[in-house]
1. How far, in degrees from 0 to 90, does helix 359-369 lean away from the longest principal axis of the Cα atoms of the chain, to the nearest 10?
2. Amide H of R25: which non-local residues (sequence gap of 5 or more, or other chain) have their own amide H closer than 5 Å, using H built in the peptide plane?
3. Explain nothing, just compute: Karplus ³J(HN,Hα) = 6.51 cos²θ - 1.76 cosθ + 1.60, θ = phi - 60°, for every residue of segment 144-154 in order, whole Hz, x for Gly and Pro.
4. Can you run phi through the Karplus equation (6.51, -1.76, 1.60; θ = phi - 60°) for segment 47-57 and list ³J(HN,Hα) in whole Hz, with x for Gly and Pro?
5. Among V354, V382, what's the order by accessible area (1.4 angstrom probe), most exposed first?
6. In degrees between 0 and 90, to the nearest 10, how far off the longest principal axis of the chain does helix 402-414 point, with axes built from Cα atoms?
7. Which lysines have a Cα lying under 21 Å from the Cα of K417, excluding residues fewer than 8 positions away in the same chain?
8. Express the accessible area of segment 274-333 per residue in Å², computed with a 1.4 Å probe while the remaining protein chains stay in the model.
Amino acid sequence: MTAHSPSTHAGLTAEPSRPLGGTIRVPGDKSISHRALIFGALAVGETRIRGLLEGEDVLATAETMRRLGARVMRHEDGTWSVFGVGVGGLQEPAVPLDFGNSGTGARLVMGLVAGHPVTATFIGDASLSRRPMGRVIDPLTQMGAHFHAREGGRMPLTLTGARRALPIVYRSPVASAQVKSAILLAGLNAPGVTTVIEPVPTRDHTERMLRAFGAHIETRQGKDGLEISLTGEPELTPCPIAVPGDPSSAAFPVVAALLVPGSDIVVQGITLNPHRAGLYTTLKEMGGDIEIMNQREEGGEPVADLRVRHSRLKGIDVPPARAASMIDEYPVLAVAAAFADGETRMMGIHELRVKESDRIAATASGLRANGVKVHESEDGMVVEGRSGAVAGGGHVATHMDHRIAMSFLVMGFAAEKPVTVDDASMIATSFPDFTGLMRGLGASLVGQTQ
Ligand code: S3P
(Lines give C-alpha, C1' and ligand atoms only; values in the text may rest on other atoms or scores of the structure.)
Protein backbone atom coordinates (compact mmCIF):
# COMPACT_ATOMS: atom_id res chain seq x y z
CA MET A 1 0.00 0.00 0.00
CA THR A 2 2.92 2.36 -0.54
CA ALA A 3 0.85 4.94 -2.34
CA HIS A 4 3.52 7.34 -3.48
CA SER A 5 5.94 7.21 -6.31
CA PRO A 6 8.27 10.10 -7.10
CA SER A 7 6.32 10.78 -10.30
CA THR A 8 3.14 11.67 -8.34
CA HIS A 9 4.63 14.52 -6.30
CA ALA A 10 2.03 17.24 -5.99
CA GLY A 11 3.21 20.67 -4.98
CA LEU A 12 0.91 22.95 -3.01
CA THR A 13 1.03 26.69 -2.33
CA ALA A 14 -0.42 28.49 0.68
CA GLU A 15 -1.30 32.13 0.12
CA PRO A 16 -1.63 34.98 2.60
CA SER A 17 -5.03 34.47 4.13
CA ARG A 18 -7.97 36.52 5.35
CA PRO A 19 -8.90 35.94 9.01
CA LEU A 20 -9.64 32.29 9.76
CA GLY A 21 -12.97 31.52 11.38
CA GLY A 22 -15.26 28.60 12.15
CA THR A 23 -15.61 25.43 14.19
CA ILE A 24 -13.90 22.24 13.10
CA ARG A 25 -13.10 18.71 14.22
CA VAL A 26 -9.75 17.27 13.25
CA PRO A 27 -9.37 13.58 12.37
CA GLY A 28 -8.91 10.84 14.95
CA ASP A 29 -5.68 10.48 16.86
CA LYS A 30 -3.10 8.53 14.88
CA SER A 31 -1.42 6.84 17.85
CA ILE A 32 -4.72 5.69 19.34
CA SER A 33 -6.02 4.55 15.93
CA HIS A 34 -3.03 2.24 15.31
CA ARG A 35 -3.40 0.77 18.79
CA ALA A 36 -7.18 0.26 18.47
CA LEU A 37 -6.63 -1.91 15.39
CA ILE A 38 -3.71 -3.82 16.90
CA PHE A 39 -5.29 -4.53 20.28
CA GLY A 40 -8.59 -5.30 18.55
CA ALA A 41 -6.76 -7.98 16.56
CA LEU A 42 -5.51 -9.53 19.82
CA ALA A 43 -8.84 -9.49 21.65
CA VAL A 44 -11.28 -12.36 21.36
CA GLY A 45 -14.43 -11.12 19.62
CA GLU A 46 -15.48 -7.79 18.11
CA THR A 47 -13.88 -4.43 18.91
CA ARG A 48 -15.96 -1.55 17.60
CA ILE A 49 -14.06 1.67 16.80
CA ARG A 50 -15.58 5.12 16.33
CA GLY A 51 -13.59 8.03 14.94
CA LEU A 52 -10.72 5.94 13.53
CA LEU A 53 -8.24 8.05 11.56
CA GLU A 54 -8.59 6.94 7.94
CA GLY A 55 -5.14 8.15 6.93
CA GLU A 56 -2.72 6.04 4.93
CA ASP A 57 -0.57 5.13 7.95
CA VAL A 58 -3.50 3.68 9.85
CA LEU A 59 -5.01 2.01 6.77
CA ALA A 60 -1.68 0.21 6.31
CA THR A 61 -1.97 -1.11 9.87
CA ALA A 62 -5.57 -2.23 9.18
CA GLU A 63 -4.38 -4.15 6.14
CA THR A 64 -1.57 -5.70 8.18
CA MET A 65 -4.01 -6.93 10.82
CA ARG A 66 -5.96 -8.67 8.05
CA ARG A 67 -2.75 -10.29 6.77
CA LEU A 68 -2.09 -11.56 10.29
CA GLY A 69 -5.51 -13.22 10.52
CA ALA A 70 -7.91 -10.68 12.04
CA ARG A 71 -11.10 -9.63 10.26
CA VAL A 72 -11.19 -5.85 9.88
CA MET A 73 -14.10 -4.03 8.29
CA ARG A 74 -15.43 -0.52 7.81
CA HIS A 75 -19.16 0.01 8.24
CA GLU A 76 -21.20 2.42 6.16
CA ASP A 77 -21.55 4.84 9.09
CA GLY A 78 -17.75 5.22 9.25
CA THR A 79 -17.24 3.01 12.31
CA TRP A 80 -14.88 0.04 12.13
CA SER A 81 -14.97 -3.49 13.52
CA VAL A 82 -12.03 -5.72 14.29
CA PHE A 83 -12.69 -9.39 14.99
CA GLY A 84 -9.60 -10.50 16.88
CA VAL A 85 -7.86 -13.84 17.08
CA GLY A 86 -6.68 -13.71 20.72
CA VAL A 87 -3.16 -13.27 22.14
CA GLY A 88 -1.03 -16.00 20.52
CA GLY A 89 -3.49 -16.54 17.68
CA LEU A 90 -1.87 -14.61 14.82
CA GLN A 91 -1.22 -16.39 11.53
CA GLU A 92 1.84 -16.14 9.31
CA PRO A 93 1.28 -13.56 6.55
CA ALA A 94 1.55 -14.84 2.99
CA VAL A 95 3.01 -11.59 1.62
CA PRO A 96 5.31 -8.86 2.95
CA LEU A 97 3.68 -6.38 5.34
CA ASP A 98 3.79 -2.89 3.81
CA PHE A 99 3.77 0.01 6.30
CA GLY A 100 4.15 2.80 3.77
CA ASN A 101 5.48 5.88 5.63
CA SER A 102 4.60 4.70 9.13
CA GLY A 103 7.26 4.13 11.77
CA THR A 104 4.60 3.63 14.44
CA GLY A 105 2.83 0.89 12.48
CA ALA A 106 6.09 -0.88 11.63
CA ARG A 107 7.61 -0.78 15.12
CA LEU A 108 4.44 -1.73 16.99
CA VAL A 109 3.74 -4.64 14.65
CA MET A 110 7.36 -5.81 15.03
CA GLY A 111 6.58 -6.18 18.75
CA LEU A 112 3.37 -7.99 17.97
CA VAL A 113 5.00 -10.46 15.55
CA ALA A 114 8.01 -10.95 17.87
CA GLY A 115 5.70 -12.61 20.41
CA HIS A 116 4.26 -15.10 17.91
CA PRO A 117 6.02 -18.05 16.24
CA VAL A 118 5.55 -16.67 12.72
CA THR A 119 7.82 -15.12 10.10
CA ALA A 120 7.00 -11.80 8.43
CA THR A 121 8.80 -9.37 6.13
CA PHE A 122 8.43 -5.65 6.84
CA ILE A 123 8.61 -3.17 3.97
CA GLY A 124 7.88 0.54 3.60
CA ASP A 125 8.60 3.63 1.55
CA ALA A 126 11.98 5.33 1.11
CA SER A 127 11.55 7.45 4.26
CA LEU A 128 10.64 4.47 6.47
CA SER A 129 13.49 2.41 4.98
CA ARG A 130 15.96 5.02 6.23
CA ARG A 131 14.71 5.04 9.84
CA PRO A 132 16.52 3.17 12.63
CA MET A 133 14.93 -0.09 13.75
CA GLY A 134 17.79 -1.16 16.08
CA ARG A 135 15.90 0.43 18.97
CA VAL A 136 13.24 -2.30 18.70
CA ILE A 137 15.44 -5.04 17.24
CA ASP A 138 17.64 -5.07 20.38
CA PRO A 139 14.97 -5.66 23.04
CA LEU A 140 12.87 -7.94 20.83
CA THR A 141 15.95 -10.07 20.15
CA GLN A 142 16.43 -10.37 23.91
CA MET A 143 12.86 -11.65 24.05
CA GLY A 144 13.70 -14.43 21.56
CA ALA A 145 12.87 -12.98 18.14
CA HIS A 146 15.24 -13.26 15.15
CA PHE A 147 15.81 -10.43 12.69
CA HIS A 148 17.43 -10.19 9.28
CA ALA A 149 17.68 -6.49 8.62
CA ARG A 150 19.50 -4.28 6.17
CA GLU A 151 22.82 -2.71 7.18
CA GLY A 152 22.39 -0.48 10.23
CA GLY A 153 19.17 -2.20 11.34
CA ARG A 154 17.01 -0.76 8.57
CA MET A 155 13.97 -2.05 6.67
CA PRO A 156 13.21 -4.10 4.63
CA LEU A 157 13.68 -6.75 7.30
CA THR A 158 12.42 -10.22 8.03
CA LEU A 159 11.42 -11.15 11.54
CA THR A 160 10.78 -14.59 13.00
CA GLY A 161 8.95 -14.35 16.29
CA ALA A 162 9.82 -16.31 19.41
CA ARG A 163 8.43 -19.81 19.87
CA ARG A 164 8.10 -18.95 23.56
CA ALA A 165 8.83 -15.25 24.21
CA LEU A 166 10.89 -14.36 27.27
CA PRO A 167 9.62 -11.66 29.59
CA ILE A 168 12.39 -9.09 30.11
CA VAL A 169 13.17 -6.00 32.15
CA TYR A 170 14.30 -3.35 29.68
CA ARG A 171 15.63 0.10 30.37
CA SER A 172 15.00 2.00 27.16
CA PRO A 173 17.95 4.16 26.06
CA VAL A 174 15.60 6.35 24.02
CA ALA A 175 12.46 8.17 25.11
CA SER A 176 10.12 6.37 22.74
CA ALA A 177 6.52 5.25 23.10
CA GLN A 178 7.04 3.11 20.02
CA VAL A 179 9.84 1.15 21.69
CA LYS A 180 7.87 0.82 24.94
CA SER A 181 4.79 -0.36 23.02
CA ALA A 182 6.72 -2.87 20.89
CA ILE A 183 8.14 -4.52 24.01
CA LEU A 184 4.77 -4.60 25.78
CA LEU A 185 3.14 -6.08 22.68
CA ALA A 186 5.74 -8.88 22.60
CA GLY A 187 5.31 -9.27 26.38
CA LEU A 188 1.61 -9.98 25.92
CA ASN A 189 2.49 -13.46 24.69
CA ALA A 190 5.32 -14.09 27.19
CA PRO A 191 4.80 -16.06 30.40
CA GLY A 192 5.48 -13.74 33.34
CA VAL A 193 6.00 -10.02 33.83
CA THR A 194 7.61 -7.80 31.18
CA THR A 195 8.90 -4.45 32.45
CA VAL A 196 9.93 -1.36 30.49
CA ILE A 197 11.77 1.41 32.33
CA GLU A 198 11.42 4.78 30.68
CA PRO A 199 14.03 7.46 31.39
CA VAL A 200 11.45 10.07 30.38
CA PRO A 201 7.71 9.31 30.35
CA THR A 202 6.22 9.06 26.86
CA ARG A 203 2.64 8.86 25.58
CA ASP A 204 0.71 6.20 27.48
CA HIS A 205 -2.03 5.17 25.03
CA THR A 206 -0.78 1.57 25.00
CA GLU A 207 -1.03 1.30 28.78
CA ARG A 208 -4.48 2.92 28.87
CA MET A 209 -5.86 0.68 26.13
CA LEU A 210 -4.36 -2.53 27.49
CA ARG A 211 -5.99 -1.77 30.84
CA ALA A 212 -9.32 -1.13 29.13
CA PHE A 213 -9.01 -4.53 27.40
CA GLY A 214 -8.51 -6.22 30.79
CA ALA A 215 -4.72 -6.72 30.90
CA HIS A 216 -2.90 -6.37 34.20
CA ILE A 217 -0.49 -3.46 33.80
CA GLU A 218 1.12 -1.36 36.53
CA THR A 219 3.06 1.90 36.40
CA ARG A 220 5.25 3.12 39.24
CA GLN A 221 8.09 5.58 39.70
CA GLY A 222 11.38 3.66 40.15
CA LYS A 223 14.85 5.01 40.82
CA ASP A 224 15.80 4.93 37.10
CA GLY A 225 12.53 6.23 35.75
CA LEU A 226 8.97 5.17 35.16
CA GLU A 227 8.53 1.38 35.38
CA ILE A 228 5.72 -0.15 33.35
CA SER A 229 5.05 -3.83 34.13
CA LEU A 230 2.71 -6.07 32.15
CA THR A 231 1.60 -9.56 33.15
CA GLY A 232 1.76 -11.76 30.07
CA GLU A 233 -0.77 -14.11 28.50
CA PRO A 234 -3.96 -12.21 29.40
CA GLU A 235 -7.25 -12.86 27.68
CA LEU A 236 -7.99 -9.50 26.09
CA THR A 237 -11.69 -8.62 26.11
CA PRO A 238 -12.90 -6.21 23.42
CA CYS A 239 -14.19 -2.84 24.51
CA PRO A 240 -15.66 -0.11 22.32
CA ILE A 241 -13.18 2.61 21.42
CA ALA A 242 -13.99 6.25 20.68
CA VAL A 243 -10.89 7.78 19.12
CA PRO A 244 -10.52 11.45 20.14
CA GLY A 245 -9.23 14.16 17.79
CA ASP A 246 -5.47 14.22 17.23
CA PRO A 247 -3.66 17.06 19.04
CA SER A 248 -0.77 16.68 16.58
CA SER A 249 -3.13 17.38 13.66
CA ALA A 250 -4.99 20.13 15.55
CA ALA A 251 -1.63 21.87 15.92
CA PHE A 252 -1.81 23.09 12.30
CA PRO A 253 -5.14 24.97 12.39
CA VAL A 254 -4.34 26.15 15.93
CA VAL A 255 -1.01 27.72 14.93
CA ALA A 256 -2.57 29.09 11.73
CA ALA A 257 -5.25 30.86 13.79
CA LEU A 258 -2.66 32.29 16.18
CA LEU A 259 -0.65 33.69 13.26
CA VAL A 260 -3.26 35.03 10.83
CA PRO A 261 -4.51 38.44 12.08
CA GLY A 262 -8.19 38.57 13.01
CA SER A 263 -8.60 34.79 13.31
CA ASP A 264 -10.95 33.16 15.81
CA ILE A 265 -11.58 29.40 15.54
CA VAL A 266 -12.76 26.46 17.66
CA VAL A 267 -11.25 22.98 17.35
CA GLN A 268 -13.49 20.41 18.98
CA GLY A 269 -12.83 17.11 20.69
CA ILE A 270 -9.05 16.76 20.81
CA THR A 271 -7.26 14.71 23.41
CA LEU A 272 -5.22 16.74 25.87
CA ASN A 273 -3.57 13.67 27.39
CA PRO A 274 -0.73 15.24 29.43
CA HIS A 275 1.82 13.21 27.46
CA ARG A 276 0.59 14.86 24.26
CA ALA A 277 -0.30 18.43 25.23
CA GLY A 278 3.16 20.04 25.43
CA LEU A 279 2.63 22.25 22.38
CA TYR A 280 -0.44 23.86 23.89
CA THR A 281 1.35 24.65 27.14
CA THR A 282 4.21 26.13 25.11
CA LEU A 283 2.00 28.25 22.85
CA LYS A 284 0.21 29.66 25.91
CA GLU A 285 3.56 30.53 27.48
CA MET A 286 4.37 32.37 24.25
CA GLY A 287 1.25 34.46 24.73
CA GLY A 288 -1.13 32.44 22.57
CA ASP A 289 -4.80 33.05 23.27
CA ILE A 290 -5.95 29.45 23.62
CA GLU A 291 -8.99 28.80 25.74
CA ILE A 292 -9.52 25.22 26.86
CA MET A 293 -13.25 24.52 27.02
CA ASN A 294 -15.54 21.61 27.89
CA GLN A 295 -12.89 19.43 29.47
CA ARG A 296 -14.22 15.88 29.75
CA GLU A 297 -13.16 12.26 29.56
CA GLU A 298 -13.96 10.16 26.49
CA GLY A 299 -12.88 6.57 25.97
CA GLY A 300 -10.36 6.76 28.81
CA GLU A 301 -8.62 9.89 27.44
CA PRO A 302 -8.98 13.52 28.59
CA VAL A 303 -10.67 15.53 25.83
CA ALA A 304 -11.41 19.25 25.33
CA ASP A 305 -12.40 21.90 22.79
CA LEU A 306 -10.00 24.74 22.05
CA ARG A 307 -10.92 28.31 21.14
CA VAL A 308 -7.97 30.01 19.48
CA ARG A 309 -7.62 33.67 18.57
CA HIS A 310 -4.91 35.56 16.73
CA SER A 311 -2.17 36.56 19.19
CA ARG A 312 1.08 38.39 19.35
CA LEU A 313 3.60 35.73 20.38
CA LYS A 314 6.89 36.10 22.22
CA GLY A 315 9.88 33.78 21.98
CA ILE A 316 10.61 31.46 24.91
CA ASP A 317 13.01 28.77 26.04
CA VAL A 318 11.12 25.48 25.59
CA PRO A 319 12.07 23.17 28.46
CA PRO A 320 13.85 20.07 27.08
CA ALA A 321 11.90 17.98 29.64
CA ARG A 322 8.77 18.81 27.66
CA ALA A 323 10.09 17.30 24.41
CA ALA A 324 8.40 13.89 24.66
CA SER A 325 4.98 15.51 25.13
CA MET A 326 5.26 17.51 21.89
CA ILE A 327 7.79 15.52 19.89
CA ASP A 328 5.86 15.75 16.60
CA GLU A 329 5.00 19.42 17.03
CA TYR A 330 8.42 21.11 16.81
CA PRO A 331 8.24 21.92 13.08
CA VAL A 332 4.98 23.84 13.49
CA LEU A 333 6.22 25.39 16.74
CA ALA A 334 9.26 26.64 14.80
CA VAL A 335 6.88 28.27 12.32
CA ALA A 336 5.02 29.96 15.21
CA ALA A 337 8.39 31.03 16.63
CA ALA A 338 9.30 32.66 13.29
CA PHE A 339 6.42 35.14 13.81
CA ALA A 340 7.18 35.79 17.51
CA ASP A 341 9.05 38.68 19.16
CA GLY A 342 12.54 37.48 20.09
CA GLU A 343 14.22 34.09 20.08
CA THR A 344 12.69 30.69 20.72
CA ARG A 345 15.10 28.01 21.91
CA MET A 346 14.24 24.35 21.36
CA MET A 347 16.77 21.93 22.82
CA GLY A 348 16.87 18.24 23.75
CA ILE A 349 15.17 17.25 20.48
CA HIS A 350 17.76 14.99 18.92
CA GLU A 351 15.00 12.42 18.21
CA LEU A 352 13.69 14.78 15.54
CA ARG A 353 16.60 13.76 13.36
CA VAL A 354 15.15 10.23 12.94
CA LYS A 355 11.50 10.98 12.25
CA GLU A 356 9.86 10.77 8.79
CA SER A 357 12.66 13.15 7.81
CA ASP A 358 15.51 14.83 9.70
CA ARG A 359 13.06 17.38 11.06
CA ILE A 360 15.67 19.74 12.49
CA ALA A 361 17.42 20.03 9.11
CA ALA A 362 14.18 20.17 7.10
CA THR A 363 12.63 22.80 9.38
CA ALA A 364 15.77 24.94 9.43
CA SER A 365 16.11 24.94 5.66
CA GLY A 366 12.39 25.71 5.23
CA LEU A 367 12.70 28.67 7.60
CA ARG A 368 15.76 30.01 5.78
CA ALA A 369 14.00 29.66 2.41
CA ASN A 370 11.38 32.06 3.79
CA GLY A 371 13.68 34.69 5.24
CA VAL A 372 13.87 33.46 8.85
CA LYS A 373 17.18 33.08 10.68
CA VAL A 374 17.73 29.85 12.58
CA HIS A 375 20.71 28.36 14.40
CA GLU A 376 20.84 24.61 14.20
CA SER A 377 22.74 22.32 16.57
CA GLU A 378 22.92 18.54 16.83
CA ASP A 379 20.03 18.38 19.30
CA GLY A 380 18.11 21.56 18.78
CA MET A 381 17.47 24.86 17.08
CA VAL A 382 17.06 28.52 17.94
CA VAL A 383 14.63 30.50 15.80
CA GLU A 384 14.95 34.28 15.53
CA GLY A 385 11.45 35.64 15.57
CA ARG A 386 10.46 38.37 13.11
CA SER A 387 7.69 40.04 15.11
CA GLY A 388 4.91 39.09 12.72
CA ALA A 389 6.75 40.02 9.50
CA VAL A 390 7.89 36.80 7.81
CA ALA A 391 8.81 37.32 4.17
CA GLY A 392 7.68 33.93 2.82
CA GLY A 393 8.02 33.37 -0.92
CA GLY A 394 10.06 30.20 -0.35
CA HIS A 395 9.96 26.78 -1.97
CA VAL A 396 10.21 24.12 0.74
CA ALA A 397 11.50 20.56 0.35
CA THR A 398 9.32 18.24 2.44
CA HIS A 399 11.48 15.07 2.26
CA MET A 400 8.43 12.77 2.33
CA ASP A 401 7.36 14.27 5.65
CA HIS A 402 3.69 15.18 6.20
CA ARG A 403 4.41 17.43 9.17
CA ILE A 404 7.02 19.48 7.30
CA ALA A 405 4.51 19.96 4.48
CA MET A 406 1.67 21.12 6.76
CA SER A 407 3.92 23.33 8.92
CA PHE A 408 5.16 25.38 5.98
CA LEU A 409 1.71 25.67 4.45
CA VAL A 410 0.65 27.19 7.78
CA MET A 411 3.53 29.63 7.40
CA GLY A 412 2.21 30.61 3.96
CA PHE A 413 -1.20 31.67 5.36
CA ALA A 414 0.48 34.32 7.54
CA ALA A 415 3.62 35.32 5.59
CA GLU A 416 3.92 38.30 3.26
CA LYS A 417 4.32 36.14 0.14
CA PRO A 418 2.97 32.64 -0.66
CA VAL A 419 4.89 29.54 0.48
CA THR A 420 5.11 26.46 -1.72
CA VAL A 421 5.85 22.89 -0.60
CA ASP A 422 7.28 20.53 -3.18
CA ASP A 423 5.12 17.53 -2.29
CA ALA A 424 1.86 17.60 -0.39
CA SER A 425 0.94 13.98 -1.06
CA MET A 426 2.31 12.75 2.27
CA ILE A 427 -0.28 14.82 4.15
CA ALA A 428 -2.68 11.94 3.42
CA THR A 429 -0.74 9.73 5.83
CA SER A 430 -2.09 11.56 8.89
CA PHE A 431 -4.55 14.32 7.89
CA PRO A 432 -6.36 13.33 4.67
CA ASP A 433 -8.70 16.35 4.63
CA PHE A 434 -6.17 18.99 5.69
CA THR A 435 -6.73 21.01 2.52
CA GLY A 436 -10.54 20.92 2.74
CA LEU A 437 -10.56 21.76 6.43
CA MET A 438 -8.17 24.70 6.09
CA ARG A 439 -10.09 26.04 3.10
CA GLY A 440 -13.28 25.73 5.17
CA LEU A 441 -11.69 28.07 7.74
CA GLY A 442 -10.96 30.57 4.98
CA ALA A 443 -7.38 29.71 4.06
CA SER A 444 -6.19 29.79 0.46
CA LEU A 445 -4.35 26.76 -0.95
CA VAL A 446 -3.47 26.36 -4.60
CA GLY A 447 -2.45 23.01 -6.03
CA GLN A 448 0.22 22.39 -8.62
CA THR A 449 1.18 19.07 -10.12
CA GLN A 450 4.84 18.73 -10.92
C1 S3P B 1 4.22 7.55 18.43
C2 S3P B 1 5.32 7.87 19.15
C3 S3P B 1 6.28 8.92 18.76
C4 S3P B 1 5.73 9.85 17.68
C5 S3P B 1 4.99 9.11 16.62
C6 S3P B 1 3.86 8.29 17.20
C7 S3P B 1 3.35 6.46 18.90
O8 S3P B 1 7.46 8.29 18.29
O9 S3P B 1 6.78 10.59 17.09
O10 S3P B 1 4.45 10.01 15.66
O11 S3P B 1 2.20 6.35 18.43
O12 S3P B 1 3.79 5.68 19.76
P13 S3P B 1 8.60 7.80 19.33
O14 S3P B 1 7.89 7.02 20.36
O15 S3P B 1 9.54 6.98 18.53
O16 S3P B 1 9.20 9.08 19.84
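The values are calculated or read from the model by the stated rules, or taken from the named source; none is laboratory data. Because the structure is a prediction, the values reported are computed rather than measured. Note: ideal-geometry Cβ built from the backbone for every residue, glycine included; neighbour counts use all protein chains shown. The protein model used for the area step is the full one, side chains on, heavy atoms only, and it has no ligands, DNA or RNA in it. Shrake-Rupley method; radii C 1.70, N 1.55, O 1.52, S 1.80 Å.
1. That helix lies at roughly 20 degrees to the long axis.
2. When sequence neighbours closer than 5 places are left aside, the close amide H contacts are Q268.
3. Once rounded to whole Hz, the list reads x, 7, 10, 10, 10, 10, 5, 2, x, x, 10.
4. 9, 9, 10, 10, x, 4, 5, 9, x, 4, 4
5. Descending accessible area places them as V354, V382.
6. The angle comes out near 20 degrees.
7. K373
8. Accessible area per residue, segment 274-333: 40 Å².
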